[in-house]
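Okay, so here's the structure we're looking at.
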Amino acid sequence: KGLLGAVVPVDAAGIAKSTIQVVLAPIAIGMSLNKFFPAAVKAILPFAPVVGVVSTCLLVASAVAQVAEPILNAGWGLQIPILLLHLVGGLVGYLLPRATGFGETSSRTMAIETSMKSSAFGFLLAKLHFGEYAARVPSAVSVVWMALTGSILAVIWRYIPVPEDDEDKLS
């Protein structure tokens, strides 16, 4: 209340249920399939990147389309801070692991993962559990910057070779 000047009701049980359904259940299902049906997983693995790209495009399009007008009205005052969130997240996600002994490959992976924290999940939670329509807008903008920054990092690093002796040097 001190920062917002108001109390925002939060359905903690609903958010926990959504987290289990959207995050934990797919991970558990994927791990189980990989453990008990490795041949089936290996057969569909070549299609996973295409499915991932198409899914990301659909998530971005859906989130932005639902709040397009407020995004346009907000202008750069909303775009710049959210872009910086993803850029700084990626930078810290790279530099901190490098400084603590992780190799180039691990550090790049952590940078991409950090810069691509799931804004789509934030959008879903805002849509399902916060009555205020405007609560969705920052997450929808973040979905776009998340996809762009993570993808750009991946493309750039694809063309920068990793040293032959790359390994994590954790003590």
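The values are calculated or read from the model by the stated rules, or taken from the named source; none is laboratory data. Remember, it's a predicted structure, so these values are computed and weren't measured experimentally. Methodologically, a virtual Cβ is constructed for each residue, glycine included, from the backbone with ideal geometry; neighbour enumeration extends over all protein chains shown. The accessibility values were calculated without ligands, DNA or RNA, using every heavy atom of the protein model including side chains. Shrake-Rupley method; radii C 1.70, N 1.55, O 1.52, S 1.80 Å.
A compact table of results
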| read-out | value |
| --- | --- |
| Accessible carbon and sulfur surface of the chain relative to its total accessible area, %, 1.4 Å | 72 |
| Per DSSP, loop trypsin sites (Lys or Arg not before Pro) in segment 118-171 with at most 16 further Cβ within 10 Å | 169 |
| Residue-normalised accessible area of segment 90-162, expressed per residue, 1.4 Å probe, Å² | 53 |
| Cα-based Lys proximity count in the chain, under 23 Å, for pairs eight or more positions apart or on separate chains | 4 |
| Segment 59-161: GluC sites (Glu not before Pro) falling in loop per DSSP and having at most 10 other Cβ within 10 Å | 132 |
| If the convex hull is drawn through the Cα atoms of the chain, its volume per residue in Å³ | 181 |
| Solvent exposure, largest accessible area first (probe 1.4 Å, DNA, RNA and ligands not counted), of 133, 94 | 133, 94 |
| Pairwise label distance in nanometres, residue 19 with residue 152, each label 7 Å out on the Cα-Cβ vector | 3.1 |
| Relative contact order %, the chain, counting alpha carbon pairs below 8 Å whose residues are six or more apart | 26 |
| Residues in segment 127-158 reached by a label modelled at residue 64 [backbone nitrogen below 16 Å; 7 Å Cα→Cβ] | 137-152 |
